[in-house]
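Okay, so here's the structure we're looking at.
The values are calculated or read from the model by the stated rules, or taken from the named source; none is laboratory data. Everything numeric in this text was worked out from a predicted model, so none of it was measured. Here the Cβ is made from the backbone with ideal geometry for all residues, glycine too, and neighbour counts use every protein chain on show. In case anyone asks, the SASA skips ligands and DNA or RNA and just uses the protein heavy atoms, side chains included. Shrake-Rupley method; radii C 1.70, N 1.55, O 1.52, S 1.80 Å.
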Amino acid sequence: LGLDMAFDWKQALRDLVHRAPSPDWPSSDQAAPRSKPAVLGYFGMGRIVNQKHLPGLARAGFGGRLCWSDPVLREAPKHAGLTIEPQSGLPEDVSHVVVTAPVSARPSILATLPSGTRQVLLEKPFATSAAMLSQMNEAVKGREALVLHNYRFKPNLMQMREHLRKHPPGALRAVSLHVETPSPANEQSNWMKQEWRNRIVLTDYAMHYLDICWMFCRGEMRIDRCLVTQNDRGELETLSAALTFEGAPCDVLIRSGGHQRHCIIRHHFQNYSTEIRFFPDVFVAMTGGQGVLDDACLAWRGLKSTASKVVEKLGFGVADRSHDTVLAAFTGCGDAAPFQELSVDSLSTFYQRLTTLADRVYQSP
């Protein structure tokens, strides 16, 4: 009869069930390798640098000189495989700089960088208020600036990336976040202890989790409910917030000082739901009602994650190389794809949301 019976049956099924397009993971395409700096500079050589940065640089194979500046440090740190300058100070020819100093000191630090310093990596957070966000955006102009959102490259998040790539989830319908964290009063640094002044619980402790929570939220954020309590030390004790994005509600509960430490993030998509957990770090996808098998899967993966952490603490391996991934990209020793995902421009929407919520939470009680 001359009839063409061929048709796109997959698209026909999509149209039949009214499936919406799946949200994209923030862009992290393959990129050209970055240049390797002969001299890498560090502003701030505190705990995070010794625990994560120096080991990460050594594993990444960074072979240049490492110079540093820290008003508290008297002697240069040492780490096998790295050439660290014995004296404090950054030379004029430093092209790449990592800034881990407290957020309040960063605008002045950035203003003193040599004109030849074109690439800057900042420890999180980039800003803690709308006013600081504007100030920091101005401070990094003319340079390639990245923010170290390493949680995006943790093993459970890499599992989530792969699962969403293989199994399109459809449109995001709702998302929730529950964070329990110790009190900042346990910190050694005085600026960390000043929780309300420096907005530690929301913009430092919970920042990575909010980043993951809002990863697929589109459109402007509206704050429908924001209930805040403080403890006797004047720290943020509880934040209960109801947020609305374009087509997706978001419930947030953040508690500090409740003698617990865990995080659960649930994304409810059109086709299935996903759950990201930290302490231990786990990812699971649920395609039906959460039953015994789902609970068993969570328990088993949690046990495996805990075991890998124990092995890492004993010095027999490194399970979490999320810092390594970002540092390798920054120093030209590895895949440069994180450059695109973690640039200040790519993270601008997240920090607009974070600082808007922070200004609401930490307004004068």
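Data for the structure
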{"item": "When residues of segment 105-150 are limited to those that are open to solvent by less than 10 Å² (accessible area, probe 1.4 Å) and β-branched (Val, Ile, Thr), the one nearest to ASP93 (Cα to Cα)", "result": "THR117"}
{"item": "Checking LEU210 against (1) open to solvent by 50 Å² or more (accessible area, probe 1.4 Å); (2) touching a residue at least 60 places away in the same chain (Cβ under 8 Å), the condition it does not meet", "result": "(1)"}
{"item": "Evaluation of LEU293 against (1) touching a residue at least 40 places away in the same chain (Cβ under 8 Å); (2) loosely packed, with under 13 Cβ neighbours inside 10 Å; (3) assigned to a helix (DSSP H, G or I); (4) not β-branched (Val, Ile, Thr) (one fails), failing number", "result": "(1)"}
{"item": "Sole residue being in contact with a Cys (Cβ under 8 Å, 6 or more places away or on another chain), surrounded by fewer than 19 Cβ atoms within 10 Å (Cβ to Cβ) and more than 30 Å from GLY64 (Cβ to Cβ), chosen from ARG277, ARG360", "result": "ARG360"}
{"item": "Top-ranked residue of segment 85-104 - restricted to ones that are free of Cβ contacts under 8 Å to residues at least 24 places away in the same chain and touching a strand residue (DSSP E or B) at 6+ places or on another chain (Cβ under 8 Å), ranked as surrounded by the fewest Cβ atoms within 10 Å (Cβ to Cβ)", "result": "GLY89"}
{"item": "Exclusive hit being among the hydrophobic types (A, V, I, L, M, F, W, C), under 20 Å from THR356 (Cβ atoms) and without any contact (Cβ under 8 Å) to a residue 12 or more places away in the chain, set ALA131, ALA127", "result": "ALA131"}
{"item": "Which numbered condition ILE264 misses (of (1) open to solvent by less than 10 Å² (accessible area, probe 1.4 Å); (2) assigned to a strand (DSSP E or B))", "result": "(1)"}
{"item": "Subset of segment 176-215 (residues that are within 16 Å of the chain's Cα centre (by Cα) and among the aliphatic types (A, V, I, L, M))", "result": "LEU177, VAL179, ILE200, VAL201, LEU202, ALA206, MET207, LEU210, ILE212, MET215"}
{"item": "Unmet criterion (only one of (1) open to solvent by less than 50 Å² (accessible area, probe 1.4 Å); (2) in contact with a strand residue (DSSP E or B) (Cβ under 8 Å, 6 or more places away or on another chain)) for ASP204", "result": "(2)"}
{"item": "Whichever residue in segment 272-290 is without any contact (Cβ under 8 Å) to a residue 60 or more places away in the chain and under 29 Å from MET207 (Cβ atoms) and, among such residues, is farthest from the chain's Cα centre (by Cα)", "result": "GLN290"}
{"item": "Test: residue in segment 181-197 that is at pLDDT 95 or above, surrounded by fewer than 16 Cβ atoms within 10 Å (Cβ to Cβ) and either assigned to a strand (DSSP E or B) or of a type in the set (Asp, Glu) (or both)", "result": "no"}
